[in-house]
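Engineer: Below are the structure tokens for one structure; questions will follow.
Bear in mind that the values in this text are calculations on the coordinates, not laboratory data. For clarity, every value in this text was computed on a predicted model and none was experimentally measured. Glycine gets a Cβ as well: all are built from the backbone with ideal geometry, and neighbour counts include every protein chain shown.
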Amino acid sequence: MLNLRDLTVKELEEYFVSIGEKPFRAKQVFEWLNRGVDSFDEMSNIPKELRERLSDAEASDDITIGRINILRKQESRTDGTIKYLFQLRESIAVESVFMKYKYGNSICVSSQAGCRMGCAFCASTIGGLTRNLSAGEILMQVIGAERDTGEKISHVVIMGTGEPFDNYDNIVKFITLAHEPKGLGLSMRNITVSTCGLVPKIMEFARDLPQVNLAVSLHAPNDEVRSRIMPVNRTYNVARLISECKRYTEATHRRITFEYALIAGVNDAPSRADELADLLKGMLCHVNLIPLNEVSETGLAGSPKAQVQEFLARLESRGITATVRRELGSDIDAACGQLRLAHKKEN
Ligand code: SF4
């Protein structure tokens, strides 16, 4: 079945031509789709006859308008953060988080239903990968949150469930769609892709989307610790990953963000901060320290606040720019992947 939200304006033109309609309908329909309409009937500048034709095509499963429904929603009373559990076709549930910042509204979207990367601290990988999300399904998370909040989203982080580089083509297409001026018109520089370190995709990404930000989930400064908590490290070790990141910055001149979730007793010793500083010395980068949200199923806990501060101070004293991620939505504090996991257990 063809999901119209997966299509660029050009591809929509081809679709309309293929069904004997005028190509200019594509732009009109594309605009409506990006405004978040849920039925062809709402497309008021499209002739009634064509709207009926499209509805009939949907009824016979030839096409879909690509609906997204809110299954669950948790809203912070303190900072406006909203955690969504969205439902896509085939009853697939995905999580997205809407956040308010001084510079605008941001959303963290999922790129896959589940994940096969197996990181030890992550709820999203419990149960493995169900399937990749299409470009339109990723886009719909942004549109769904805009529709629900009535607010414009200016920044997108692809850091929810899934490994974006494991679904590379759909990620590239999603970014192309989100950047389209007739659509959401998002600036490439306001989009961040976060990878756990699929090394072969890093330079491809540098070539395809040089203006999009790259974040790398590092979480450990050496192979011994990293391989224990991130199986991907057994294929692409720290040395290979860092060397590819250096090539990336040489090619794009863009600063990489290294994500480092502090896990009590695993990767949070002051000596690890020293190792990390040595590893990243001289690189165009920023370290984002993340106080880990507890996931009961993983048996891992976040580091105490004092430990986080010490880790930060140690990095800074060695010339590494770092910040501790602001804890948004702490009153709804379910960790990433938890809503989906809870939903799966109940169904
Ligand atoms: S942290 Fe990211 S890459 Fe690792 S298992 Fe979770 S979703 Fe997958």
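Engineer: Working out 0.36 nm times the residue gap between residue 17 and residue 235, then minus their Cα-Cα distance, what length gain in nm do you get to one decimal?
Structural biologist: Going from the current span to full extension adds 73.9 nm.
Engineer: If you don't mind, another one. Just need the relative contact order of the chain here, percent rounded to a whole number, with Cα pairs under 8 Å and 6+ apart.
Structural biologist: Normalised by residue count, the contact order of the chain is 15 percent.
Engineer: Something else now. Just to check, using Stokes-Einstein with a Kirkwood Rh over alpha carbon pairs, what's the diffusion coefficient of the chain at 4 °C and 1.567 mPa s in µm²/s?
Structural biologist: Value of D from the Cα-based Kirkwood radius: 61 µm²/s.
Engineer: What ratio of Cα Rg to 2.2 N^0.38 Å holds for the range 181-226?
Structural biologist: Ratio of Rg to 2.2 N^0.38 Å for the range 181-226: 1.46.
Engineer: Running a GNM on the chain with Cα contacts under 10 Å, which residue among 306, 251, 239 ends up with the highest mean-square fluctuation?
Structural biologist: Of the options given, 306 has the highest mean-square fluctuation.
Engineer: So which trypsin sites (Lys or Arg not before Pro) in the range 77-164 end up in coil per DSSP with only 16 or fewer other C-beta atoms within 10 Å?
Structural biologist: Sites meeting the loop and neighbour criteria: 77, 102, 116, 152.
Engineer: Filter the chymotrypsin sites (Phe, Trp or Tyr not before Pro) in the range 103-171 down to the DSSP loop ones having no more than 12 other Cβ atoms within 10 Å, then list what survives.
Structural biologist: 103
Engineer: Continuing with the same structure: Can you compute the modelled spin-label distance between residue 55 and residue 203, with each label point 7 Å from Cα toward Cβ, in nm?
Structural biologist: My value for the distance between the label points is 5.4 nm.
Engineer: Based on other C-beta atoms within 10 Å, arrange 253, 155 from fewest to most.
Structural biologist: The most exposed by this proxy come first: 253, 155.
Engineer: Could you compute the net charge surrounding residue 135? Neighbours are other residues with a C-beta less than 11 Å from the C-beta of residue 135; K and R count +1, D and E count -1.
Structural biologist: Charge balance in the 11 Å sphere: -2.
Engineer: Starting from one equal scatterer on each C-alpha and no solvent at all, send me the Debye-based log10 I(q)/I(0) for the range 2-64 at q = 0.15, 0.21, 0.22 Å⁻¹, two decimals.
Structural biologist: -0.38, -0.80, -0.89
Engineer: Once each part is reduced to its C-alpha centroid, what is the distance from the range 61-117 to the range 250-320 in angstrom?
Structural biologist: What the calculation gives is 27 Å, centre to centre.
Engineer: Could you rank the peptides 267-275, 58-66 by their average count of other C-beta atoms within 10 Å per residue, with the highest value first?
Structural biologist: 267-275, 58-66
Engineer: Can you give the extra length, in nm with one decimal, that the chain gains between residue 24 and residue 296 once fully stretched, where that is 0.36 nm per residue apart less the Cα-Cα distance?
Structural biologist: Length difference between fully extended and current span is 92.6 nm.
Engineer: Between residue 154 and residue 253, what is the label-to-label distance in nm when each label sits 7 Å out along the Cα-to-Cβ direction?
Structural biologist: Here the modelled spin labels are 2.4 nm apart.
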